[in-house]
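Engineer: First the structure, then my questions, so here it is.
The values are calculated or read from the model by the stated rules, or taken from the named source; none is laboratory data. Every value quoted in this text rests on a predicted model; they were computed, and no experiment measured them. Positions of Cβ are generated from backbone atoms using ideal geometry, with glycine treated the same way; all protein chains shown enter the neighbour counts.
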Amino acid sequence: MANHLPLLRLISIYLIALVWAPASSGAGRSSDSTAVNAQAISTTADTGQRLWCVAKPATPDKLLQANLNFACGEGGVDCTPLLEGNACYSPDTLISHASYAMNLYYQKHGRNYWNCYFQNTGLVVFTDPSYDNCIYPPQ
C-alpha cells in the first residue's frame, strides 16, 4: 500500500483541482471540465499561491512516456532525482516519474498554464504533490 500512496495523492490532487474554482476570479468553466483555466491560474499566480504541474491520472502510458522523454530531454530539466536510488525513483511508475518531470519543466519555463499543457495531459494543482523525500519544487 505504501507504494501506491504517491499515486493516490496525485488522484486526490486531481479531484480537488477539478472541483476547485476561485470565487473571485470570474472565470467560467470550459466545456472540457479538465481543461486548464488560464484566467483562474493567472489570478492565483498573481497572489503568490504556490502551484505545481502533474499528469492527469487517466493519461495513457504512451503519452506519459512522451512527456517524460520531452521534459528530461529537449525540455532541459534535470531528471536525476528519478534515477534508481534517488529520492523520486520510488514508486517506479510512469505517472509518478512523468508528473515529477512535468513539474520541473513547468517551474523552469515560466509557470505559465501552457507550460503544463503537455497535449492536454498536464494539470496545474494547488496541493503539494511531494511525498517522503521526493520534493516537487514549488513556484
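Engineer: Based on what the data block shows, is N112 surrounded by fewer than 17 Cβ atoms within 10 Å (Cβ to Cβ) and under 15 Å from T59 (Cβ atoms)?
Structural biologist: Against the criterion (surrounded by fewer than 17 Cβ atoms within 10 Å (Cβ to Cβ) and under 15 Å from T59 (Cβ atoms)), N112 does not qualify.
Yes/no per residue for (1) hydrophobic (A, V, I, L, M, F, W, C); (2) over 19 Å from V124 (Cβ atoms); (3) at pLDDT below 95:
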{"position": "G48", "(1), (2), (3)": "no, no, yes"}
{"position": "T59", "(1), (2), (3)": "no, no, no"}
{"position": "E74", "(1), (2), (3)": "no, yes, no"}
{"position": "D78", "(1), (2), (3)": "no, yes, no"}
{"position": "P81", "(1), (2), (3)": "no, yes, no"}
{"position": "N86", "(1), (2), (3)": "no, yes, no"}
{"position": "S96", "(1), (2), (3)": "no, no, no"}
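Engineer: A further question on this structure: Any idea which of (1) assigned to a loop (DSSP other than H, G, I, E, B); (2) in contact (Cβ under 8 Å) with a residue 12 or more places away in the chain; (3) among the hydrophobic types (A, V, I, L, M, F, W, C) is the one A58 doesn't satisfy?
Structural biologist: The failed condition is (2).
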